[in-house]
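The values are calculated or read from the model by the stated rules, or taken from the named source; none is laboratory data. Since the structure is predicted, the reported quantities are computational estimates derived from the model, not experimental observations. When we count neighbours, we look across all protein chains shown, and the Cβ atoms used for this are built from the backbone with ideal geometry, even at glycine.
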Amino acid sequence: MSAGGGSEAIIAALAANLSIAVLKFVAFLLTASSSMLAESIHSLADSGNQLLLLVGGKRAARQASPEHPFGYGRERYIYAFIVSIVLFSVGGLFALYEAYEKWHDPHGIEPTWAWVPLVVLVGSIVLEGYSFRTAVRESNHTRGGKSWVQFVRTAKAPELPVVLLEDSAALVGLVFALGGVSMTLVTGNGLWDAAGTALIGLLLVTVAVILAIETKSLLLGESATAADVRAIEKALVGPGVSRIIHLKTMHLGPDELLVAAKIAVDTADTGAQIAAAIDSAERRVRAAVPTAKVMYLEPDIYSSSKAPGTPASAGHDDGVPDPR
């Protein structure tokens with residue numbers, strides 16, 4: 001997994017969630033609190049999700065094969081999408097079901113062990129805070145000047161946005177659980193516990209939907225960032241390449257970019273000169289954007305009829321699919 005894959009954040013989150021899941025489940029067994037059960041399943045689901053991200057990163061590192069000539073980089077997106085499904089079903093829907101059951105059969109928390117869920121929840125907030133801090137620190141290495149919303153929306157490596165969303169949801173969910181348990185202890189009314197559980201379920205379903213939408217976009221194939229496209233355009237034009245007729249990019253994985261471009265060459269250039277110009281353009285692009293590892297440059301003679309967006313260009317047949 002690349003440096004941008006957030007392996008340190010994933011491992012920190014996995015260690016925190018496994019520890020927290022055990023503590024929450026013990027608290028549930030002692031108190032029969034639905035909020036504690038929902039939080040136990042939430043932490044267990046998060047632990048499974050972090051394992052999925054680690055497996056996805058390992059499988060994505062496999063070398064290209066004849067059956068998959070562009071490699072396995074996008075497998076990281078598949079595993080991130082599975083994470084959203086697990087979070088939605090195992091985490092969110094289970095919590096909503098528990099809230100429904102508790103609402104129809106409300107009961108208080110066993111007073112003998114009333115202190116247990118409070119201690120566990122406060123301790124969980126501390127551990128989740130450490131995990132969240134690790135994810136934030138790693139994200140800051142690649143976030144640049146983007147806001148957190150922009151970072152989640154535009155990041156090509158799915159692991160850090162997934163961990164950030166999971167950890168932030170975990171912290172908010174713990175606050176909901178703490179509120180529900182505290183009010184149940186104060187009032188003796190189990191409906192507060194049911195309400196806290198329902199809020200946890202709604203939170204997890206919302207985060208899962210956001211993850212699914214963002215990961216779906218990556219699975220379909222996103223282009224390079226606007227900054228990378230500008231850098232590629234600038235690097236392509238040089239000796240032997242007078243202009244770009246059209247250009248398209250697509251991420252084959254977080255760290256691998258496909259560049260397909262039709263470039264204008266001089267009518268007087270020989271085949272050897274055109275080949276040298278293409279080789280030079282590829283070196284310039286890779287120097288400017290190191291993730292541009294797969295590149296297809298097609299030389300052509302520029303005319304206004306071949307410019308992008310014109311009817312003549314749309315009907316131009318050069319024997320290969322037009323990447324516009």
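The table for this structure:
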quantity: Elements of type helices (runs of 4 or more DSSP H) in the stretch 1-110, at least 2 residues being under 22 Å from G129 (Cα atoms) and at pLDDT below 85; calculated: 7-31, 34-60
quantity: Contacts under 8 angstrom Cβ, first residue in the stretch 271-283 being buried (at least 17 other Cβ atoms within 10 Å of the Cβ), partner of a type in the set (D, E, K, R), 6 or more apart; calculated: A277/D269
quantity: Candidate set: the stretch 76-85, residues that are in contact (Cβ under 8 Å) with a residue 60 or more places away in the chain and of a type in the set (A, V, I, L, M); chosen: the one farthest from L252 (Cα to Cα); calculated: I85
quantity: Which numbered condition W148 misses (of (1) surrounded by fewer than 22 Cβ atoms within 10 Å (Cβ to Cβ); (2) at pLDDT 90 or above); calculated: (2)
quantity: Qualifying residue in the stretch 228-241 (condition: touching a Phe, Trp or Tyr at 6+ places or on another chain (Cβ under 7 Å) and either outside any loop (DSSP other than H, G, I, E, B) or not aliphatic (A, V, I, L, M) (or both)); calculated: no
quantity: Count of residues meeting criterion [assigned to a helix (DSSP H, G or I) and of a type in the set (S, T, N, Q)] in the stretch 189-227; calculated: 4
quantity: The listed residue being out of contact with any His (no Cβ under 8 Å at 6 or more places or on another chain) and surrounded by 24 or more Cβ atoms within 10 Å (Cβ to Cβ), out of A21, A12, A16, A64; calculated: A16
quantity: Qualifying position, being within 14 Å of I200 (Cβ to Cβ), under 32 Å from the mean Cα position of the chain (by Cα) and surrounded by fewer than 19 Cβ atoms within 10 Å (Cβ to Cβ), among Y130, Y100; calculated: Y100
quantity: Qualifying residues in the stretch 284-310 (those that are in a helix (DSSP H, G or I) and modelled with pLDDT of 90 or more) - the one surrounded by the fewest Cβ atoms within 10 Å (Cβ to Cβ); calculated: A287
quantity: Condition met for L44 (surrounded by fewer than 23 Cβ atoms within 10 Å (Cβ to Cβ), in contact (Cβ under 8 Å) with a residue 40 or more places away in the chain and under 14 Å from the mean Cα position of the chain (by Cα)); calculated: no
quantity: Flag if T154 is over 19 Å from the mean Cα position of the chain (by Cα) and among the polar types (S, T, N, Q); calculated: no
quantity: Residue list for the stretch 259-285, filter: more than 34 Å from the chain's Cα centre (by Cα), under 20 Å from H246 (Cβ atoms) and aliphatic (A, V, I, L, M); calculated: A264, V265, I274, A277, I278
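Yes/no per residue for (1) closer than 23 Å to S89 by Cα; (2) surrounded by 17 or more Cβ atoms within 10 Å (Cβ to Cβ):
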{"residue": "S139", "(1), (2)": "no, yes"}
{"residue": "A157", "(1), (2)": "no, yes"}
{"residue": "P161", "(1), (2)": "yes, yes"}
{"residue": "T184", "(1), (2)": "no, yes"}
{"residue": "A198", "(1), (2)": "yes, yes"}
{"residue": "L203", "(1), (2)": "yes, yes"}
{"residue": "S217", "(1), (2)": "yes, no"}
